[in-house]
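Here is the structure we will look at, set down as structure tokens.
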Amino acid sequence: MEVSITKMSTNGQVVIPVEIRRDSRLKPQTKFLIFNENGNIMLKPIKDKMLIEEMDLMNRIEKGEEDIKKGRVVKADTSMSFKEIDDLLMGE
């Protein structure tokens, strides 16, 4: 794992250091999903074709977390297929 230090400009811009870009094979114009989890800022490079899948997954995780907080739970059986479990959890 590559580690480096950078800082944010007055305009809110952050430079990803060259060693991180090289190690991650990032190219100019790379798009990112940005997450703020309790003050921990995370960047995830995305490809246009995966954006819809990534956003769908994030929405499903968020919905699941809300259901758990509200006490809405369902029980799945380990003999069930992934699709059966997914349908059960997503209310389909």
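The values are calculated or read from the model by the stated rules, or taken from the named source; none is laboratory data. From a predicted model like this one, the values you see are computed outputs, not experimental measurements. Please note: Cβ atoms are built from the backbone with ideal geometry, for glycine as well, and neighbour counts cover all protein chains shown.
Points to keep in mind about this one:
- Whichever residue in the stretch 1-15 is β-branched (Val, Ile, Thr) and out of contact with any strand residue (DSSP E or B) (no Cβ under 8 Å at 6 or more places or on another chain) and, among such residues, is surrounded by the most Cβ atoms within 10 Å (Cβ to Cβ): 15
- Of the residues in the stretch 75-82, not one is of a type in the set (Phe, Trp, Tyr) and either under 30 Å from residue 6 (Cβ atoms) or not in a helix (DSSP H, G or I) (or both).
- Residue in the stretch 26-49 that is part of a helix (DSSP H, G or I), under 19 Å from the mean Cα position of the chain (by Cα) and exposed (fewer than 13 other Cβ atoms within 10 Å of the Cβ) present: yes
- Of the residues 77, 86, the single one that is among the charged types (D, E, K, R), at pLDDT below 85, surrounded by 10 or more Cβ atoms within 10 Å (Cβ to Cβ) and outside the structural domain of residue 4 (by TED's automatic domain parsing) is 86.
- Filtered residues of the stretch 1-25 (kept if outside any strand (DSSP E or B) and either in contact with a His (Cβ under 6 Å, 6 or more places away or on another chain) or among the aliphatic types (A, V, I, L, M) (or both)): 1, 3, 5, 15, 16, 18, 20
- Of everything listed in (1) surrounded by 10 or more Cβ atoms within 10 Å (Cβ to Cβ); (2) in contact with an Asp or Glu (Cβ under 9 Å, 6 or more places away or on another chain); (3) of a type in the set (D, E, K, R), the single unmet condition for residue 56 is (2).
- Considering only residues in the stretch 54-70 that are in contact with a helix residue (DSSP H, G or I) (Cβ under 9 Å, 6 or more places away or on another chain) and not basic (Lys, Arg), the one that is farthest from residue 43 (Cα to Cα) turns out to be 67.
- Within the stretch 16-59, considering residues that are acidic (Asp, Glu) and touching a strand residue (DSSP E or B) at 6+ places or on another chain (Cβ under 8 Å), the one modelled with the highest pLDDT: 54
- Selection of first residues in the stretch 20-49 that are within 18 Å of residue 6 (Cα to Cα) and of second residues that are of a type in the set (Val, Ile, Thr) and not in a loop (DSSP other than H, G, I, E, B), restricted to Cβ pairs under 6 Å at least 6 apart or on distinct chains, gives the following pairs, ordered by first then second residue: 43/34.
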